[in-house]
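The structure under discussion appears below in the form of structure tokens.
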Amino acid sequence: MPASMETTVTQQLQFSPWIHSKSIAAKPKGSLHFSRKLAEQHILQVPFSFDLRVSRHSSHRRTVALKISCSYKNSSVLESGNQCASVDESLAIQRKSREIESYLNGRCIYLVGMMGSGKTTVGKVLSNALGYSFSDSDSLVEQDIGISVAEIFKVYGEDFFRERETEALRKLSLMHQFVISTGGGAVTRTINWKYMHKGISVWLDVPLEALVKRISAVGTNSRPLLHHDSTDAYSKTLVRLSSLLEERGEAYANAEVKVSCEKIAAKLGTKDVSNVTPMAIAIEIMGTRTNRDLFEERRWLLFILMATKNDSFRYI
């Protein structure tokens, strides 16, 4: 998966009098600078290139139309996505990351969810925004054993892989300032939750049909629990994913934060979750309170109500 993506923003800007077209044409690339006030607020500066079209209205006046193509690095698209992040999203994710910095206090974020839900892609976007490191538990197991996850399943079996996965999560639980993409089945072992609850766990909930489309499009060779030789890849993948989701649904619900791609799509005015960018998901993650937070709020609310009712301030 590429570690960067290009975001294209097309605008028409009119620059009137006294702009000399030759002097601009000689510098086809540059940086789009904001005002000093915005710069002091750490607002994004976006590299860009542009094409010039010069129309002459008179011998002394020229209008220059610029088509701007912005490029924002260190971001990426979902495996099946076809949308790029907007400049607005880039600004929003920077603002959100500043807002939650003290709240996170260096705690790790564990992304859980079905295979194909975009954990790795979203994790890289999120880690970049927070200034965290990124790690993938599957990749750690592969590095440890020296072969791919699919080969590990084939040679040693799933139980062997799960043991190594748990060891990888144990080591990661000792770290700080990491965004961690976990394997789709990591949630099935209770001990894994013991390690993940040392940080903040986030469930990326993607509709089943969208998962099937993504995985079918790229193939199942790297998915040991899905790989098959059938020519009807879509139907086989649908049946198997349905079964896995039924088995793991309650386990995913143990996550402290649930981020529904369907709900994000609805906010954006679309029913197609493929229109939801990784950056939009990362923004939603940073703006969602954890179940732990909600519990504490309700606990204190109950405390206040009881204290008011009984005219007592006993801690409950």
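Computed from backbone phi with θ = phi - 60° and the Karplus coefficients 6.51, -1.76 and 1.60, the 3J(HN,Hα) list for region 129-140 is 5, 8, x, 8, 8, 10, 9, 10, 4, 4, 5, 5 Hz; x is used for glycine and proline.
Ranked by the mean number of other Cβ atoms within 10 Å of their residues, highest first, the peptides 211-217, 98-104 fall in the order 211-217, 98-104. Under 5 Å from the amide H of GLY199 lies no amide H of any residue 5 or more positions distant or on a separate chain, with H modelled from the backbone and absent for Pro and chain starts.
For the peptides 167-173, 249-255, 177-183, what is the packing order when you average, over each peptide's residues, the other Cβ atoms within 10 Å and list the highest mean first?
In descending order of packing, they fall as 177-183, 167-173, 249-255.
Scanning residues 5 or more positions from LYS258 or on other chains, those with amide H under 5 Å from its amide H are TRP203, with H placed 1.01 Å from N in the peptide plane.
Residues MET114, MET175, sorted by accessible area with the largest first, give MET175, MET114 [1.4 Å probe; ligands and nucleic acids excluded].
Given the convex hull over the Cα atoms of region 152-195, what projected area results after averaging over all orientations, in nm²?
3.2 nm²
Along region 87-103 the Karplus relation, 6.51 cos²θ - 1.76 cosθ + 1.60 evaluated at θ = phi - 60°, assigns HN-Hα couplings of 4, 4, 5, 4, 5, 5, 6, 5, 5, 4, 4, 5, 5, 9, 4, 5, 5 Hz to successive residues, with x for each Gly and Pro. Each peptide in 191-203, 267-279 receives the mean, over its residues, of other Cβ atoms within 10 Å, and ordering these scores from highest gives 191-203, 267-279.
The values are calculated or read from the model by the stated rules, or taken from the named source; none is laboratory data. Since we're looking at a predicted model, the values are computed, not measured. As a convention, Cβ positions derive from the backbone with ideal geometry for all residues, glycine included, and neighbour counts pool all protein chains shown. Calculation scope for accessible area: heavy atoms of the full protein, side chains included, ligands and nucleic acids excluded. Shrake-Rupley method; radii C 1.70, N 1.55, O 1.52, S 1.80 Å.
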